[in-house]
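The values are calculated or read from the model by the stated rules, or taken from the named source; none is laboratory data. Since the structure is predicted, the reported quantities are computational estimates derived from the model, not experimental observations. Heads up, the Cβs are rebuilt from the backbone with ideal geometry, glycines too, and the neighbour counts pull from every protein chain shown. Side chains are part of the model used for accessible areas, which takes the heavy atoms of the whole protein and leaves out ligands, DNA and RNA. Shrake-Rupley method; radii C 1.70, N 1.55, O 1.52, S 1.80 Å.
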Amino acid sequence: MRIEAYMAARVLAVDRALPRFIGGLRARPRLARAMNYSLCAGGKRLRPALMCAAYETFGGDSGEILPAACAIEMVHTYSLIHDDLPAMDDAALRRGRPANHKVYGEAAALLAGDALLTDAFTVMLSAKYPPRVKAPRLLRAAAILAGRAGAAGMVSGQAADLEAEGFLDRAPAARRGRALRLLSYIHRRKTACLITAAVEMGAALAGAPEKDFRALSAFGRDLGLCFQAADDILDVSGDRKKLGKNASDARNRKLTYAALLGMEEARRRAGALLRSALRSLARVKGRDKPRALLADLAGLVLRREN
Ligand code: GRG
């Protein structure tokens, strides 16, 4: 199957399922609208697709784990809503529409994010799964999602990202090594943690052997770093219409590959990270076709225009 067709099928499944899951949560109507507004705004659904392809690599059928795939998209969407708030990146546009707080106000946007994060676990843990998804596998997947999204992962990445604003104005060029280490810390957590979680969760739900789990985890980490390097480049040179958001890194004095190393070196690093991810993927045993889909998905991450 071509990767575009695979992605389109996953997008369709997730787009249909998310409003059903939100509808089942008994949220107050305005809160449910605010949650749906950002969830159903046309995200690429990269993380659910990665989880599905990882699950299929170890023999599963991706339809079986739709609640878990939707759960990671809920966590991702919460992070985008909170990231856009004035106290964080202060962005007016997201996914081609006004940011959540521009429509519903800051308090409602905060609460929509809170509910999406918390109820990701409701959706994931209260669903019915086939016998292959044994309870310990489901619990491990939930622990991965919590751990990678939480204080040890994405939240600390976001905290460090905010602390690093203006770093390049304050630090002399001689401290480039320190800046690179800080940047790597930020990227690993802010972006790569959730992308790593996607493939780890797919592997955990399918009961992948530990060796393959670790190789897939390394694939996810480098793919996540490649994703962020590409994001930094797109923020400088991408087509705003296709991106569906305004450039914000320079305005926020962000520490990025593009700002620290220049565009050419940022592109070179993104390519090197993709190759490193593919080397880890080559060590993963499992079904050939979904593993090839994972490789194609990785290629899309580097070539993407939004
Ligand atoms: C608020 C705890 C907290 C974390 C926020 C997501 C994030 C951390 C910051 C967003 C800043 C940013 C643009 C990071 C780059 C990586 C990223 C998550 C990009 C958006 O993901 P896509 O391109 O978005 O997969 P879509 O809209 O396609 O789902």
Quote the charge dipole size of region 189-306 about the Cα centre in Debye, to the nearest 20; the model charges only the Cβ of Lys and Arg (+1) and of Asp and Glu (-1).
20
First compute the accessible area of the chain with a 1.4 Å probe, then give the percent of it belonging to carbon and sulfur atoms.
55
In sequence order, calculated HN-Hα J values of region 238-252 (Karplus, 6.51, -1.76, 1.60; Hz; x Gly/Pro):
x, 7, 4, 5, 5, 6, x, 8, 8, 5, 9, 5, 5, 4, 8
Below 30 Å, Cα to Cα, which lysines can Lys241 reach? Residues fewer than 8 away in the same chain don't count.
Lys44, Lys102, Lys190, Lys254
Output ordering of 44-52, 288-296 (per-residue mean of other Cβ within 10 Å, highest first) is 44-52, 288-296
Quick one: accessible area per residue over region 3-303, 1.4 Å probe, rounded to a whole number of Å²?
43
Approximate shape of region 58-131 as ellipsoid semi-axes (Cα gyration tensor, √5λ), whole Å, largest first
30, 13, 8
Among Ile144, Thr57, Ala107, pick out the residue whose Cα is farthest towards the positive end of the charge dipole of region 3-303, where Lys and Arg carry +1 and Asp and Glu carry -1 on C-beta, about the Cα centre.
Thr57
Does the chain come out rounded, prolate or oblate, given a ≥ b ≥ c as the square roots of the eigenvalues of its C-alpha gyration tensor, rounded meaning a/c under 1.5 and, failing that, prolate meaning a/b above b/c?
oblate
Quick check: residue separation of Ser126 and Asp288 times 0.36 nm, minus the Cα distance between them. What number comes out in nm?
55.2 nm
Which whole-Hz couplings ³J(HN,Hα) result when phi for each residue of region 272-289 is put into the Karplus expression 6.51 cos²θ - 1.76 cosθ + 1.60, θ = phi - 60°, listed in order with x for Gly and Pro?
5, 5, 4, 4, 5, 4, 5, 5, 5, 4, 5, 7, 7, 8, x, 6, 5, 5
Beta carbons within 10 angstrom, averaged per residue: use that to sort the peptides 107-115, 298-306, highest first.
107-115, 298-306
Straight-line reach only, C-alpha to C-alpha below 14 angstrom: list the aspartates and glutamates that Lys245 could link to, leaving out same-chain residues fewer than 8 apart.
Asp83, Asp84, Asp89, Asp90, Asp231, Asp232, Asp235, Glu305
Give the lysines reachable from Lys285 as a straight Cα distance under 19 Å; neighbours fewer than 8 places away on the same chain don't count.
Lys211
Enclosed volume per residue, in Å³, of the convex hull spanned by Cα atoms of region 158-206:
60
Using unit Cβ charges (K, R positive; D, E negative) and no other charged atoms, how large, in debye to the nearest 20, is the dipole of the chain about its Cα centre?
480
